[in-house]
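Comments concern the structure below.
The values are calculated or read from the model by the stated rules, or taken from the named source; none is laboratory data. Predicted model, so just to flag it, every value in this text is computed and none were measured. Areas reflect the complete protein model, heavy atoms only, side chains present, ligands, DNA and RNA absent. Shrake-Rupley method; radii C 1.70, N 1.55, O 1.52, S 1.80 Å.
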Amino acid sequence: MKTEIITNCLDLLAGFELVAPTEQMGVFLSIIDTLGSYTKPTKKRDTTPIVTQKLNAYLFVSNVRNACKLGVTGAITPKQAHETALSNLENALTELLK
């Protein structure tokens with residue numbers, strides 16, 4: 001499930017450079033929506049140890065979400081948001097596939 005969410009986001013970023021600047025914000029919003037279904041590695045007050053790869057992947061996904069939000073608000077350029085999101089999605093997928 002989690003790998004599917006990440007690959008869906010990678011698919012959304014495919015050809016990002018070819019998309020019109022006005023549509024790039026829509027791509028970022030779609031990624032934010034897609035990542036909304038990515039679950040946290042543990043529930044609140046859960047004392048069981050967390051699998052390191054799952055925690056790492058969640059943190060990378062959180063970085064993707066934040067980069068997209070910064071891109072939408074104009075705090076960083078769309079190019080910076082794209083590059084940050086892409087590298088963090090790749091890292092998250094790598095962590096989940098370990």
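At-a-glance table
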read-out: Average accessible area per residue (Å²) across the chain - probe 1.4 Å, nucleic acids and ligands excluded; value: 62 Å²
read-out: Computed [θ] at 222 nm, deg cm²/dmol, the chain (DSSP H ≥ 4; -39,500 (n - 2.57); rounded to nearest 500); value: -23500 deg cm²/dmol
read-out: Accessible heavy-atom area order of Asp33, Asp46, highest first, probe of 1.4 Å; value: Asp33, Asp46
read-out: The chain - percent relative contact order, Cα under 8 Å, separation 6 or more; value: 34 percent
read-out: Lysine pair count for the chain [Cα-Cα under 26 Å; pairs on different chains or 8 or more apart]; value: 19
read-out: In Hz, Karplus ³J(HN,Hα) per residue of the stretch 50-55 (6.51, -1.76, 1.60; θ = phi - 60°; x = Gly, Pro); value: 8, 5, 4, 4, 5, 5
read-out: Three principal axis lengths of the chain [C-alpha, angstrom, descending]; value: 46, 24, 18
read-out: Percentage, to the nearest whole number, of Cα pairs in the stretch 35-78 over 12 Å apart; value: 66 percent
